[in-house]
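Just below is one structure, and these are the notes that go with it.
The values are calculated or read from the model by the stated rules, or taken from the named source; none is laboratory data. For clarity, every value in this text was computed on a predicted model and none was experimentally measured. Neighbour counts are summed over all protein chains in view; Cβ atoms, including those assigned to glycine, are modelled from backbone coordinates with ideal geometry.
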Amino acid sequence: MKILIINGPNLNLLGTREKSVYGTRSFDNYFEELKTAFPDLELEYYQSNIEGELINKLHEVGFSYKGILLNAGAYTHTSIALADAIAAIETPVIEVHISNVYAREEFRHKSYISKNCKGCIVGFGLEGYRLGLIYLNNLRPKTV
Ligand code: DQA
């Protein structure tokens with residue numbers, strides 16, 4: 001069961017960027033742990049700082065993969081194009097934010113993408129990605 005994790009702008013700097021908000025761990029390091037924790041999922045990871053590239057990736061996988069975890073970073077609060085891309089594809093998208101955006105600046109309280117997502121996971125740090133995978137893993141057809 002193919003699952004793609006997509007991180008948007010500035011999330012390539014996790015571990016370095018604003019450590020008090022986003023923590024000290026790089027996503028590449030955390031991703032290795034996720035792959036070990038979910039051996040039955042075919043997990044892939046994609047990061048881009050460019051809005052159009054995120055949209056192209058959603059189109060590329062959005063008719064064949066079983067689930068997408070998307071942290072769209074600041075595009076969450078600005079991008080109608082990203083919201084439209086999520087609405088256009090068939091694969092369910094789960095919105096993830098590392099920080100609790102509702103405890104931060106007012107401009108982070110608005111998400112253009114939430115209404116087109118299956119659900120939203122906000123404020124649990126990197127563990128939010130694991131929570132999303134637990135949900136998707138439970139959708140997996142069981143063989144017993
Ligand atoms: C973020 C929250 C956004 O407001 C911010 O622009 C980010 C990261 C988060 O994961 O908490 O880049 O999506």
Only one of ASN137, ASN100, ASN71 is closer than 25 Å to THR36 by Cα, surrounded by fewer than 21 Cβ atoms within 10 Å (Cβ to Cβ) and either at pLDDT below 95 or among the polar types (S, T, N, Q) (or both); which?
ASN137
Selected residue (only one of LYS57, LYS35 is more than 16 Å from the ligand (Cβ to nearest atom), surrounded by 18 or more Cβ atoms within 10 Å (Cβ to Cβ), modelled with pLDDT of 95 or more and among the basic types (Lys, Arg))
LYS57
Answer yes or no as to whether SER48 is surrounded by 14 or more Cβ atoms within 10 Å (Cβ to Cβ) and modelled with pLDDT of 95 or more.
yes
Residue check: is SER64 away from the ligand (no atom under 13 Å from the Cβ), loosely packed, with under 14 Cβ neighbours inside 10 Å and not aliphatic (A, V, I, L, M)?
yes
Within the stretch 20-37, the count of residues that are of a type in the set (Ser, Thr, Tyr) and within 14 Å of GLU127 (Cα to Cα) comes to 4
Would you check if SER79 is within 25 Å of TYR112 (Cβ to Cβ) and of a type in the set (S, T, N, Q)?
yes
Filter the strands (runs of 3 or more DSSP E) completely within the stretch 29-117 down to those with at least 2 residues that are of a type in the set (Ser, Thr, Tyr) and without any contact (Cβ under 8 Å) to a residue 60 or more places away in the chain.
42-47
